Amino acid sequence: MTSQTSADSAMPITVWGEGRGFRVVWLLEEMGLPYRLRDVDLLKGAQNDPEFMAINPGGFIPALQDGETVMVESVAILQYLLGRYGPSPLGVEPGHPAYPAWLQFLHLGEAGLMTPAFLSWAGSGFGPEGARDDWTGKLGFEIFQSRRRLVARQLEQAPYMAGEVFTAADISVGYALLWARRQGVTALTSPEQTYIGRVTDRDGFRGAMKTCHAIGSWDPPPGR
């Protein structure tokens, strides 16, 4: 869903970059908020994109620009959007019994899954010959695997990370599992495949895949 106006601003909500920015686009689609996606080609070097560097001098994606507000870090952006434009069923209020699980898995998707999975893959993705087997990569994979056990336990108890309904926590965790499968970090277990099939069988996910052309070229999620 794209537009030239945002809910409360004369300027559109702008998402800078795909990658983890897919999480942000997915949430915007789920919430029905108008936005635009601005491509950032990190392979050409963020320093060669002065407009982007003015938004995020750290030179990483994603970034979100909402009027005068600029946010970076994908999970922080998810929380910002839910707080700014909620209430939404994709968020869980602090007084709700599911709030601890929601908050835990919202952040686990990046801190516990995506970051160590990326470190596990980065040697083979960007490093020199033989970098796949370096110590850091192996440690990243061990951390990723250990955090996956938390996801496995949750899926034994409920269909989603916060219980019985789909939330932003599933966007966070679901993207990390999809990325790890796509990059060859790991195969998904049968429960994970069933879970991914469930969370991606949504109009919001399909809309995000259409907007994010690079990620939209990924293989279909398991079970679809």
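The values are calculated or read from the model by the stated rules, or taken from the named source; none is laboratory data. Because the structure is a prediction, the values reported are computed rather than measured. Ideal geometry is used to build each Cβ from the backbone, glycine not excepted, and the neighbour counts take in all protein chains shown.
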task: Name, by its number, the condition in (1) surrounded by 16 or more Cβ atoms within 10 Å (Cβ to Cβ); (2) assigned to a loop (DSSP other than H, G, I, E, B); (3) small (G, A, S) that does not hold for A101.
output: (2)
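If we only count helices (runs of 4 or more DSSP H) wholly inside the stretch 125-214, which ones have 3 or more residues that are in contact with a Leu (Cβ under 7 Å, 6 or more places away or on another chain) and buried (at least 18 other Cβ atoms within 10 Å of the Cβ)?
135-157, 168-182, 190-200
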query: Right, E30: modelled with pLDDT under 95 and outside any strand (DSSP E or B) or not?
result: no
- prompt: Quick one: which of T194, T200 is farther than 21 Å from L28 by Cα, polar (S, T, N, Q) and touching a Gly at 6+ places or on another chain (Cβ under 9 Å)?
  reply: T194
field: Residue pairs meeting the criteria (Cβ under 7 Å; at least 6 apart or on separate chains; first farther than 21 Å from E192 by Cα and basic (K, R), in the stretch 205-224; second surrounded by fewer than 20 Cβ atoms within 10 Å (Cβ to Cβ) and at pLDDT below 80)
entry: K210/G216
message: Tell me whether the stretch 217-224 contains one or more residues that are out of contact with any Gly (no Cβ under 9 Å at 6 or more places or on another chain), at pLDDT below 95, more than 21 Å from T115 (Cα to Cα) and not acidic (D, E).
response: yes
- prompt: Can you name every residue in the stretch 52-96 that is charged (D, E, K, R) and under 14 Å from the mean Cα position of the chain (by Cα)?
  reply: E73
- request: Give G163, G174 a once-over and let me know the one that is at pLDDT 95 or above, of a type in the set (G, A, S), over 16 Å from the mean Cα position of the chain (by Cα) and under 25 Å from P87 (Cα atoms).
  value: G163
Positions within the stretch 60-78 being exposed (fewer than 14 other Cβ atoms within 10 Å of the Cβ) and farther than 16 Å from Y35 by Cα, in sequence order: A76
- prompt: Hey, does the stretch 78-98 have a residue that's within 21 Å of A214 (Cβ to Cβ) and not assigned by TED's automatic domain parsing to the domain that holds V165?
  reply: yes
